[in-house]
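Beneath this line is the structure, given in structure tokens, with notes to follow.
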Amino acid sequence: MLTLDKLLIVQDDFRLSADFTLARGTRTAVLGPSGAGKSTLLTTLAGFVVPSAGRVLWEDTDITDMAPGARPLSILFQDQNLFPHLSVAQNLGLGISPRPRLSGAEQAQIAAALERVGLAGLGARKPGALSGGQQGRVALARCLLRARPLLLLDEPFAALGPALKADMLALVAEIAAEQGTTVVMVSHDPADAEALCPQTVLLAEGVAAPPQPTAALLADPPPALAAYLGR
């Protein structure tokens, strides 16, 4: 269970408040106009932005002041955050341990994760030798190896074509269901929200509203969302 308890984020003239709970294992989209603070909310949950007030709790444990690396989550950004000088397998190894040498069992885990995301046999390649879709799968495989209970997605598949993006969203849903992962996804595309997330948090006018059913929200959007969607 992820709880945003009277959370307030203030940066210069930007202000965003949030006060709601997401049940464990749910998949939630974050939608709203450009500049509403979607990515800022996600990076606050990840620990890279310090809130001005309120708390972030995971399973009733206060993680507001916890370092990003110590939080029970993984985060995927659009640039995938892969190290270009390391091989795919070495990048995945960082999801298991910072040690440069991994055990045979850990190497087997990496091979299994690569097979799981359709990249079997590509562990020796550098990220630059992969397509954008393959790089996205490597980043997702790293999250799979980390097996953290909370997965934050900041439009990691935005640059992909429609078919490949659909495949990646389906793979996220499949892995999340297997691991019981709570997913929070920032998106500019309502179709992505509909594809992956049964519920949506709307950010508008400085407030992150409690989650609503995605289909109902998009069928009858409030004025701020309707204007953003061009309806």
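The values are calculated or read from the model by the stated rules, or taken from the named source; none is laboratory data. What you are looking at is a predicted structure, and each value in this text was computed from that prediction instead of being measured. Neighbour counts are summed over all protein chains in view; Cβ atoms, including those assigned to glycine, are modelled from backbone coordinates with ideal geometry.
Scanning segment 74-124 for residues that are within 25 Å of W58 (Cβ to Cβ), at pLDDT 80 or above and not hydrophobic (A, V, I, L, M, F, W, C) turns up S74, Q109. State which residue is surrounded by the most Cβ atoms within 10 Å (Cβ to Cβ) when the search covers only segment 206-230 and only residues that are in contact with a Gly (Cβ under 9 Å, 6 or more places away or on another chain) and over 11 Å from F20 (Cβ atoms). Checked segment 206-230; the qualifying residue surrounded by the most Cβ atoms within 10 Å (Cβ to Cβ) is L225. Considering segment 67-107, the residues that are free of Cβ contacts under 8 Å to residues at least 12 places away in the same chain and among the polar types (S, T, N, Q) include one that is surrounded by the most Cβ atoms within 10 Å (Cβ to Cβ), namely Q90. Taking segment 188-201 as the range and being surrounded by 23 or more Cβ atoms within 10 Å (Cβ to Cβ) and closer than 26 Å to D12 by Cβ as the test, only V201 passes. Entry remark, segment 125-147: residues being modelled with pLDDT of 85 or more and surrounded by fewer than 17 Cβ atoms within 10 Å (Cβ to Cβ) number 4 in total.
A single entry from T43, T28, T64 fulfils the requirement of being under 25 Å from L217 (Cα atoms) and surrounded by fewer than 21 Cβ atoms within 10 Å (Cβ to Cβ): T43.
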